[in-house]
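Asker: Starting off with a structure, shown below.
The values are calculated or read from the model by the stated rules, or taken from the named source; none is laboratory data. Worth saying up front: this structure is predicted, and the values here are computed from it rather than measured. Positions of Cβ are generated from backbone atoms using ideal geometry, with glycine treated the same way; all protein chains shown enter the neighbour counts. Calculation scope for accessible area: heavy atoms of the full protein, side chains included, ligands and nucleic acids excluded. Shrake-Rupley method; radii C 1.70, N 1.55, O 1.52, S 1.80 Å.
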Amino acid sequence: MGKRGPKPRFLDIVCPNENCSLFGVAGKGNITVYGTYKRRSGKGRKFICHTCGTTFCDRTNTPLYDLRTNEEKIETAIKMITSGMSISKVAEVLEVKPITVSTWVSRAGDHCKKVDEIVLKNIETPKVEMDEAWTFVGKKPLPREDEYEDNGTWIWISMATESRLVLSHVVGERSQKSSDQLIKNTAKKLSSIPLFVTDGLKFYIKSLRKQYGKLKQFAPTGKRGRPRSPKLIVDELLKYAQVIKIRAEGKLKSVVKRIIFGEGINSKMISTSYIERLNLTCRQDNNRISRKTIGFSKKTEELDHQMTLYFACYNYCRKHRSLKYKDETGITRLNCPAKHAGLIDHVWCLHELLVYPYHKIQTYY
């Protein structure tokens, strides 16, 4: 006990040391203030965990840690990036180097990926739409032109339509591997098997069969000949449908709805309108994937960082007009997808997203 009485216990601060017995656990009273320090945006606090003796600051495990730039400038840069401006234009406005802005985006993207791993869990939704959007990643051609081949880069997205929540995305080629990764990442975040709806791409069928299928073994019959090979049986709860658009001469002629797995699917549920509208929003808000632009990504990793950051802002910080509700006073307000899905208790600002302790076990602050 100090001269001024017992030191205050910060019950909402958690220990970031993975070897600590109270790692990520809040409300145990093991964290106290260990001092303060100065930073460009103001005074910060240092903490100590009395369980393991680890000292850390209020920016540990965040993209703002150990940066000399004012935090307001970094947040302004990220807002500009997620609003459609290119890296070079943001650097020009804020009078910094483009590589500096790119570093901020990369650090924020890595942080948001870890936040998603903590927050996006056990999601209940009746329907998930998935789609892939083509984009371009610049590459330097090889010395011999016939050795250079670019199959294109695609952004695969899955979305819970009821809450408009973006569940997962994958940046890669239009291949079976990318489809498998998207289905696997999406299934980890769901608490049940919803109705999946996609376009007519064949890769989704095999990916869903892999994820929700069980290998059935057949008992030997005792007869002559080769025994029957095991068969992959799809889960009875799996429901999957496709929306196939038939075009001719650049015009839409007809739309065919096809049920692949499951029975009793309402035809009105078979639609990809929400995910297609999301693709339009993504192209409008991200200069990297806008059509006919010179702001495209030069590396796939940088594109993945920006899309991770953008979808995190979309889920936690962006209010949607389609997610309206009335508060206790009868005033109409707007929700963000994560709050509408019950994953967070209020709409976050960008600062809350950037300083969120992803190592914290509890979802709420």
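Asker: Just order 249-262, 48-61 by mean Cβ neighbour count inside 10 Å, highest at the front, would you?
Answerer: Details: 249-262: 11.3, 48-61: 16.7.
Top of the packing list down: 48-61, 249-262.
Asker: If you put +1 on each Lys and Arg Cβ and -1 on each Asp and Glu Cβ, how big is the dipole of the chain around its Cα centre, in Debye rounded to 20? Before the final figure, lay out the partial values.
Answerer: Working: 65 positive and 38 negative charges, 130 e Å.
Dipole magnitude for the chain comes out near 620 debye.
Asker: Shifting gears a bit: What value, in deg cm²/dmol to 500, does the helix sum -39500 (n - 2.57) over DSSP H runs of n ≥ 4 give at 222 nm once divided by the residues of the chain? Walk me through the numbers before you get to the answer.
Answerer: Values: 9 runs with 103 residues, N = 365.
Result for the chain: -8500 deg cm²/dmol, rounded to the nearest 500.
Asker: Starting at the first residue of region 231-238, write each ³J(HN,Hα) from the Karplus equation 6.51 cos²θ - 1.76 cosθ + 1.60 with θ = phi - 60°, in whole Hz, x for Gly and Pro.
Answerer: Going residue by residue, I get 10, 7, 9, 6, 4, 5, 7, 6 Hz, with x marking Gly and Pro.
Asker: Specify which residue in the list His320, Gly264, Leu215 is farthest towards the positive end of the charge dipole of region 195-336, using unit charges on the beta carbon of Lys, Arg (+1) and Asp, Glu (-1), about the Cα centre.
Answerer: Result: Leu215.
Asker: Now a separate question. Report, in debye and to the nearest 20, how large the dipole of region 123-277 comes out about its Cα centre when Lys and Arg carry +1 and Asp and Glu carry -1 on their Cβ. Provide the component values of the computation, followed by the final result.
Answerer: Numbers: 30 positive and 18 negative charges, 187 e Å.
Here region 123-277 has a charge dipole of around 900 debye.
Asker: At 1.4 Å probe size, what's the solvent-accessible area of Arg288? Round to the nearest 10 Å².
Answerer: Roll a 1.4 Å probe over it and Arg288 shows about 20 Å².
Asker: Right, here's the next one. Angle between the Cα long axis of helix 300-316 and the longest principal axis of the chain, 0 to 90 degrees, nearest 10?
Answerer: 80 degrees
Asker: I want to check the label-to-label distance for Arg224 and Leu11. Put each point 7 Å from Cα in the C-beta direction and report it in nm to one decimal.
Answerer: Here the answer is 7.9 nm between the modelled labels.
Asker: With a 1.4 Å probe and all protein chains left in place, how much of the accessible area of the chain comes from carbon and sulfur atoms, in whole percent? Don't skip to the end; give the middle numbers.
Answerer: Details: 10560 of 21250 Å².
Answer for the chain: carbon and sulfur cover 50 percent of the accessible area.
Asker: Same structure, new question: Of (i) 254; (ii) 121; (iii) 145, which one was derived for volume of the Cα convex hull per residue in Å³ from the structure shown?
Answerer: (i)
Asker: Which residues does the label zone of Asp66 cover in region 38-54, counting backbone N under 19 Å from a point 7 Å along Cα→Cβ?
Answerer: Under 19 Å, as judged by backbone N against the label point of Asp66, lie 38-41, 44-48, 54 of region 38-54.
Asker: Amide H of Phe196: which non-local residues (sequence gap of 5 or more, or other chain) have their own amide H closer than 5 Å, using H built in the peptide plane?
Answerer: Distant-sequence amide H within range of Phe196: Val128, Lys239, Tyr240, Ala241.
Asker: Karplus couplings for region 74-84 from phi (6.51 cos²θ - 1.76 cosθ + 1.60, θ = phi - 60°), rounded to Hz, Gly and Pro as x?
Answerer: Karplus-based 3J(HN,Hα) across region 74-84 equals 5, 5, 5, 4, 5, 4, 5, 5, 7, 10, x Hz.
Asker: In percent, what relative contact order does region 246-364 have, based on Cα pairs under 8 Å that are 6 or more apart in sequence?
Answerer: About 13 percent, as a whole number.
Asker: By per-residue mean of other Cβ atoms within 10 Å, what is the highest-first order of 264-277, 341-354? Let's see the in-between values first.
Answerer: Numbers: 264-277: 13.9, 341-354: 17.2.
Final packing ranking: 341-354, 264-277.
Asker: Could you list log10 I(q)/I(0) for region 21-109 at q = 0.16 Å⁻¹, which the Debye formula gives when each Cα is one point scatterer?
Answerer: -0.73
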